[in-house]
Amino acid sequence: MNSKLFHCPSHFELISGQSHLLNDKVQLVSYELSKELFDLLTYCRLPRSKAELIEELSKKPISSEECHELILELDALMGKEQKIRSKVLRRINYAGLKGIDLRIDEGQFSWINTFKLFSVKMMVSLSLLAILSLLVIGVLLGKSSFDIPLPFWGLFLVLLSTPIHELGHVVAYKSLGGSACSIGAGFYFFIPVLFVDVSLSNSLSRANRLKISLAGVYFELIWVLLLLGFGLALQIDWMYTVILLIGIQALWNLNPFFRSDGYWILSDVTNTRWLSKSSTEELKIFIKAKEPFNGLVFYAITRSLFITYCMIHLIYQFFFAEKRLIEVLIDFVRSPSIDHYSVTLILPFLLLISLFRYAAKRLQ
């Protein structure tokens, strides 16, 4: 053991801020470390013997037992790194998510920077143009567009917006200085899903993390503009229905109550890690009258009310509605039009989209 050298690998990215983080750019894993272990890893950027580590730790106000525990932690971290080999394809089995993902290394998607897609001016301009287009379509066509049947290709274009959404996160992450990430497919329990792993995005600035979180919706809005161009050029009536559906699901992703993009955006804006857990704990403290009312308590209450409403709505549609959800779904499959969709299926559809995309965030 004394002859063993401890060496922090080059793909261990050490980030010091409010917390001390280790990003493993090979395994796409992020760890939060104690300050002592973080300092020890930094010291091991050059190979160090156990004797050198003990000498370095002796300069700190810690006991010999703590010194021994830190060296064991360091040894375990290095051992873990050595045992797990880097692979282009990984098998994922985590929190209900099972699948395979493809590693995307540095350099890929770097060509996208020439378009300056993620400059603030470009993001705001294209997003506003797409939202304005959605408003114009909604106001001008109104109810008349709800009864336009959707052909198979229309439904395919709606579904295609999901991989486009996930691609947006990956491209943004790579374009804004992110290291390795992955994109994959599998099952979240019984639901087929696409997902991305940009776990190491916490090494980037808050502004860039916000851009990455917004990039999924941003790419869907760009997709809306492309479809609008085709619809206008070819005079395709059902294309406007497709655009409305994609717009609705894109904007739904900005709600902060499920772990969709809006949730991570609010986490970054408020600089709150584990927003859901933190707000729930704050609410419990508030109920016990130990803390004053604050923003996290308000979020916890609002989130609980929103989720409760969604559950009540689904229960009503399944069991008590005049035309139950299953019947409406069968009618929609036989004759898919937004008329059925908007009245009964819109909330179940949006909740399914949230579950579909939630798998992508389970890896963060």
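The values are calculated or read from the model by the stated rules, or taken from the named source; none is laboratory data. Everything numeric here is computed off the predicted structure, so don't read it as measured data. So basically every Cβ, Gly included, is an ideal-geometry build from the backbone, and we count neighbours across all protein chains shown.
Of the residues that sit in the stretch 304-344 and are in a helix (DSSP H, G or I) and among the charged types (D, E, K, R), which one is modelled with the highest pLDDT?
Looking at the filtered set, the residue picked out is E327.
Has the stretch 282-301 got at least one residue that is at pLDDT 65 or above and within 25 Å of V193 (Cβ to Cβ)?
Among the residues of the stretch 282-301, not one is at pLDDT 65 or above and within 25 Å of V193 (Cβ to Cβ), which makes the answer no.
On the given criteria, is S267 without any contact (Cβ under 8 Å) to a residue 12 or more places away in the chain, of a type outside the set (K, R), surrounded by 16 or more Cβ atoms within 10 Å (Cβ to Cβ) and within 30 Å of S133 (Cβ to Cβ)?
Spelling it out, S267 is indeed without any contact (Cβ under 8 Å) to a residue 12 or more places away in the chain, of a type outside the set (K, R), surrounded by 16 or more Cβ atoms within 10 Å (Cβ to Cβ) and within 30 Å of S133 (Cβ to Cβ).
Would you mind finding the one in F146, F109, F118 that is within 30 Å of A207 (Cα to Cα), at pLDDT below 70 and among the aromatic types (F, W, Y)?
Selected residue: F109, the only one of F146, F109, F118 that is within 30 Å of A207 (Cα to Cα), at pLDDT below 70 and among the aromatic types (F, W, Y).
Based on this model, can you work out whether E166 counts as more than 12 Å from the chain's Cα centre (by Cα) and assigned by TED's automatic domain parsing to the domain that holds A130?
The answer is no for E166.
Answer yes or no as to whether K83 is within 30 Å of G177 (Cβ to Cβ), modelled with pLDDT under 70 and not hydrophobic (A, V, I, L, M, F, W, C).
In short, yes.
May I ask you to list the residues in the stretch 296-328 that are in contact with a helix residue (DSSP H, G or I) (Cβ under 8 Å, 6 or more places away or on another chain), closer than 27 Å to S279 by Cβ and among the aliphatic types (A, V, I, L, M)?
Correct list: L296, V297, A300, I301, L314.
Just need a number here: residues in the stretch 115-124 that are exposed (fewer than 15 other Cβ atoms within 10 Å of the Cβ) and within 16 Å of E220 (Cβ to Cβ).
2
Do the conditions hold for L226, that is, is it free of Cβ contacts under 8 Å to residues at least 40 places away in the same chain and under 26 Å from F195 (Cβ atoms)?
Against the criterion (free of Cβ contacts under 8 Å to residues at least 40 places away in the same chain and under 26 Å from F195 (Cβ atoms)), L226 qualifies.
Name the pairs whose Cβ atoms lie under 7 Å apart, with the first residue in the stretch 305-326 and touching a residue at least 40 places away in the same chain (Cβ under 8 Å), the second in a loop (DSSP other than H, G, I, E, B), and 6 or more positions between them or separate chains?
Within 7 Å, the pairs are F306/F257; I307/F257.
Would you mind stating whether K211 is in a helix (DSSP H, G or I), under 19 Å from the mean Cα position of the chain (by Cα) and at pLDDT 85 or above?
Here the answer is yes, as K211 does meet what is asked.
Working only within the stretch 288-314, note down all residues that are surrounded by fewer than 11 Cβ atoms within 10 Å (Cβ to Cβ) and β-branched (V, I, T).
Correct list: T308, I312.
Yes/no matrix, rows are residues, columns are (1) at pLDDT below 80; (2) in contact with a helix residue (DSSP H, G or I) (Cβ under 7 Å, 6 or more places away or on another chain); (3) buried (at least 18 other Cβ atoms within 10 Å of the Cβ):
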| site | (1), (2), (3) |
| --- | --- |
| L40 | no, yes, yes |
| E55 | no, no, no |
| E66 | no, no, no |
| M78 | yes, no, yes |
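Within the stretch 277-285, can one find any residue that is under 18 Å from the mean Cα position of the chain (by Cα) and in contact (Cβ under 8 Å) with a residue 24 or more places away in the chain?
no
Give the residue, chosen from D268, D261, that is out of contact with any strand residue (DSSP E or B) (no Cβ under 8 Å at 6 or more places or on another chain) and closer than 22 Å to I92 by Cβ.
D261
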